[in-house]
Amino acid sequence: DDHEPARWHFRLDGTDYLAESDGHQWSLTAKPPPAPADVTITATTQALTAFIFAGSDLGIDITGETEPVQRFRQLISTLATVVHPV
């Protein structure tokens, strides 16, 4: 289980989203981060879906320090096991 705080800035299809965790609960808001995020993900929703469910990096740009980016990749890869695309 991962219980570390995190701030992820998603820019999907030109719209900003901020995913934040206090280590226990995640929140998602449709706004840019007020301060730099740990990780910034720029992609289309289609590219993000392919990344989550097929592991494809095509069309997705993930930036940040090495450790937070690795943590993001690890946590986001678990989504495919708990979320089913519609």
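Across the chain, Cα pairs under 8 Å and at least six residues apart give a relative contact order of 22 percent. Note that the chain presents 66 Å² accessible area per residue, ligands and nucleic acids not counted, probe 1.4 Å.
When the solvent-accessible area of the chain is split by element, carbon and sulfur atoms take up 54 percent of it, the probe being 1.4 Å.
Among DSSP bridges having both ends in the chain, what percentage is antiparallel? Round to the nearest 5.
Working: 16 of 21 bridges.
Counting DSSP beta bridges with both partners in the chain, the antiparallel share is about 75 percent.
Per residue and in Å³, how big is the convex hull formed by the alpha-carbon atoms of the chain? Display every interim value, and only then the final one.
Numbers: hull volume 8.8 nm³, N = 86.
In the chain, the Cα convex hull volume per residue is 102 Å³.
The values are calculated or read from the model by the stated rules, or taken from the named source; none is laboratory data. Quantities reported herein were computed from a predicted structural model and do not represent experimental measurements. Just the protein is used for accessible areas: all its heavy atoms, side chains included, with ligands, DNA and RNA removed. Shrake-Rupley method; radii C 1.70, N 1.55, O 1.52, S 1.80 Å.
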